[in-house]
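Right, one structure below, let's go through it.
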Amino acid sequence: MKKDSSKWRRLGLIVLIIGTLTLMGCSSLSLESFKTVKGSNMDQEDRQGAGGQGESPPEGSQGEDVPAEEPAHEEDNPIQEGDEGSDTNEEGNSNPVFTEIPPSQNPQESPVTASPEPAPPGTPVRTFYELSGTPPTAPGLAMKHRVFKEEPPKIAYLTIDDGPSENTVHILDILKQEEVNATFFVIGTQVERYPELLKKAYEQGNAIGNHTYSHNYSEIYQSPEAFVANLKKNEELIYKLIGVRPKVIRTPGGTHGNFHISYYNAVDAQDYLVYDWNVSTGDASAPLVPAETLIKNVKEQAPGRDRIILLMHDAPGKWTTVDALPKIIRFLKEQGYEFGVLSPEVAPILFPGGFYS
């Protein structure tokens, strides 16, 4: 009986030891498996969080813990006019954010540069630009809307035609002494004779306007196409000398009696702006007009005008204009005028006659 009892105790002890060893082996296996699985998951998390070099997350799935990169500030990376053709694009842009201008806001499609349709029959005639940029209107007329800059309460634009010539040197000296600038509407044949004077006028801060290449009425007024071709010839000459293609033009003799709707449409399609005048020295009324008469003409015409586009000439032989110029400038200063130069941002003054034909 004692032998059997002892045998069973030994058997129970063996079973207990085997069970304990079995349990220990299972625990070890589970721990290793847990370590292996957990290590694999941690490695995957480390790869996903180490700079996003793997697969991109689905669109719109940016996590709360990773702030969105702010777009470059305008001050840091301004969009410059004319940058549409630069080497920086969506593929090679160094900036993280690229914003394309919507088609409706694209400068190339803005109302300033878009080609308008000719106005229908019965359109009311309005012969002037509004300062808001609205162009003249007339049946068949197709002129762009413009953007004009704000002007001082009283402003005078000195415009000097038919040069350069030997008189231009003296006029430039006077302008420099009086600390004002003017707009020189130059003729191509004169530019060929005095290229250095064109450069000097431009470098001194004056504006350059296009007054056709030949100034030959029978040639330039054959047709709108002939007029534009003459302008283009002069434009190329000016561009080669000073690197500027003037968009402000003056028609020889003014638009009255020379221009009609088709001429306005032709020059506007080339983005030119035509400028007549509302005050004149009268120095073209005769080969030589006394200086005192030129001054008197300005004093009689200026009062009551807040905007003045003043016509004078530096053509050969117009030495009385040189004599009158200092007194004309001082008179305008005394009347409270500031001085400016013409550009496409300045509203033109136009004679009404060409809009009725």
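Here are the numbers for this structure:
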{"quantity": "Cut-off 17 Å (backbone N to label point 7 Å along Cα→Cβ of ARG330), residues of the range 180-222", "calculated": "180"}
{"quantity": "Cβ-Cβ FRET estimate between SER218 and LYS247, R0 fixed at 25 Å, reported to 0.05", "calculated": "0.45"}
{"quantity": "Å² per residue, accessible surface of the range 116-247 at 1.4 Å", "calculated": "46 Å²"}
{"quantity": "Charged-residue dipole, Cβ positions (Lys, Arg, Asp, Glu), the range 176-239 about Cα centre, Debye nearest 20", "calculated": "80 debye"}
{"quantity": "Fraction of accessible area attributable to carbon and sulfur, the range 174-278 (%, probe 1.4 Å)", "calculated": "48 percent"}
{"quantity": "Accessible carbon and sulfur surface of the range 282-357 relative to its total accessible area, %, 1.4 Å", "calculated": "56 percent"}
{"quantity": "10 Å beta-carbon shell around ASP306, net charge (K/R +1, D/E -1)", "calculated": "+2"}
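The values are calculated or read from the model by the stated rules, or taken from the named source; none is laboratory data. Please read these numbers as outputs of a predicted model, since none were measured by experiment. Glycine also receives a Cβ, built like all others from the backbone with ideal geometry; neighbour counts cover every protein chain displayed. The accessibility values were calculated without ligands, DNA or RNA, using every heavy atom of the protein model including side chains. Shrake-Rupley method; radii C 1.70, N 1.55, O 1.52, S 1.80 Å.
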